[in-house]
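Before any comments, here is the structure.
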Amino acid sequence: GQNIDQPTEMTATEGAIVQINCTYQTSGFNGLFWYQQHAGEAPTFLSYNVLDGLEEKGRFSSFLSRSKGYSYLLLKELQMKDSASYLCAVRPGNTGKLIFGQGTTLQVKP
Amino acid sequence: DAGITQSPRHKVTETGTPVTLRCHQTENHRYMYWYRQDPGHGLRLIHYSYGVKDTDKGEVSDGYSVSRSKTEDFLLTLESATSSQTSVYFCAISESGTSPLHFGNGTRLTVT
C-alpha cells in the first residue's frame, strides 16, 4: 500500500521562510512531485525529485531523501500569493500512477 | 498551460442516473488520468490510461468506468450516480510515465 503524510495546516509571515514536510511509504519509488493549488483552481506543478538532494527553482526548493522516505518543500521570501495548498505526490514503481498526500494548507499573514 | 479541456465544468444530476465526464487534450500525451478531490481526502486516483484502449484502476475505482478510444479523449462514466460521488473531478495528462502531470480545470459534480 501507499501512505503519504503532510501536515494539514501551516501559517507563516510574509517575507519569511517556510518548510513543508512530506513523508512517504510506497511499494517502489519513481519520483516525488510537489504541486501548488489555490482555492477553487487546478493543481499546478512546482517541482520534481527522483534522486537524493536539493532541487532549486527560484524562491522554491525541494529536497529528497529516499532512504528516509522524506521530502520537504522550502518557500523563501514568502508573498501573500503563496497562500495555497501544497500537495506532495509519489510515483510508486513504473506504472505511471501518481499518488497524492492530503495536502498542506499554507496561510501567509502580513 | 497544457491544452486540456474538461466538459462539462459543472453538472447537477439525480441519484441513479448515468453521467459521463469528458477530458480532451491537444498535447498528444500518452498518459491520462481521472482524480476526484474531496475535503479531508485530497486528490484520489480513480482510473488512468497509458495508451489508447489501455486503462487501469486507481485507488477509488468502484462505481466508475473509463474509456479511451483515441489519444485525445478520456471519458469517465458513472453508471448509476450516488450522492457519495458528489465531488470535484480533475483530469490530468502526462507525456510519459515519469513526467509531471498537468491538470485540467475540473468538473464540479453534484448528485442530489
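The values are calculated or read from the model by the stated rules, or taken from the named source; none is laboratory data. Predicted model only: the values in this text are computed from it and were never measured. So basically every Cβ, Gly included, is an ideal-geometry build from the backbone, and we count neighbours across all protein chains shown.
Structure notes:
- Single residue of segment A:63-104 satisfying the filter (closer than 29 Å to residue B:57 by Cβ and in contact with a Ser or Thr (Cβ under 6 Å, 6 or more places away or on another chain)) that is modelled with the lowest pLDDT: A:92
- Per-region count, segment B:72-112, residues more than 9 Å from chain A (Cβ to nearest Cβ), in contact with a Pro (Cβ under 8 Å, 6 or more places away or on another chain) and either under 25 Å from residue A:48 (Cβ atoms) or not charged (D, E, K, R) (or both): 5
- Subset of segment A:89-110 that is among the charged types (D, E, K, R) and within 11 Å of chain B (Cβ to nearest Cβ) - its residue that is farthest from the chain's Cα centre (by Cα): A:97
- Selection status of residue B:94, touching a residue at least 60 places away in the same chain (Cβ under 8 Å) and either crowded, with 20+ Cβ neighbours inside 10 Å or among the small types (Gly, Ala, Ser) (or both): yes
- For first residues located in segment B:69-82 and farther than 17 Å from residue B:6 by Cα, partners that are among the small types (Gly, Ala, Ser) and lie 6+ apart or on another chain with Cβ distances below 7 Å form the pairs B:79/B:65; B:80/B:16; B:81/B:16; B:82/B:63.
- Qualifying residues in segment A:16-75 (those that are under 20 Å from residue A:104 (Cα atoms), among the β-branched types (Val, Ile, Thr) and not in a strand (DSSP E or B)) - the one farthest from the other protein chains (Cβ to nearest Cβ): A:17
- Filtered by the rule that a residue be of a type in the set (Gly, Ala, Ser) and modelled with pLDDT of 95 or more, segment A:1-30 gives A:12, A:15, A:16.
- Test: residue in segment A:61-80 that is at negative phi and of a type in the set (Asp, Glu): no
- Close pairs from segment B:101-112: first over 26 Å from residue B:15 (Cβ atoms), partner among the aromatic types (Phe, Trp, Tyr) and surrounded by 23 or more Cβ atoms within 10 Å (Cβ to Cβ), Cβ under 6 Å, at least 6 apart: B:103/B:90
- Enumerated strands (runs of 3 or more DSSP E) restricted to segment B:9-85, each holding at least 1 residues that are at positive phi: B:42-51
- Condition check for residue B:19: crowded, with 17+ Cβ neighbours inside 10 Å, among the β-branched types (Val, Ile, Thr) and in contact (Cβ under 8 Å) with a residue 60 or more places away in the chain: yes
- Evaluation of residue B:45 against (1) free of Cβ contacts under 8 Å to residues at least 24 places away in the same chain; (2) aliphatic (A, V, I, L, M); (3) touching a Pro at 6+ places or on another chain (Cβ under 8 Å) (one fails), failing number: (3)
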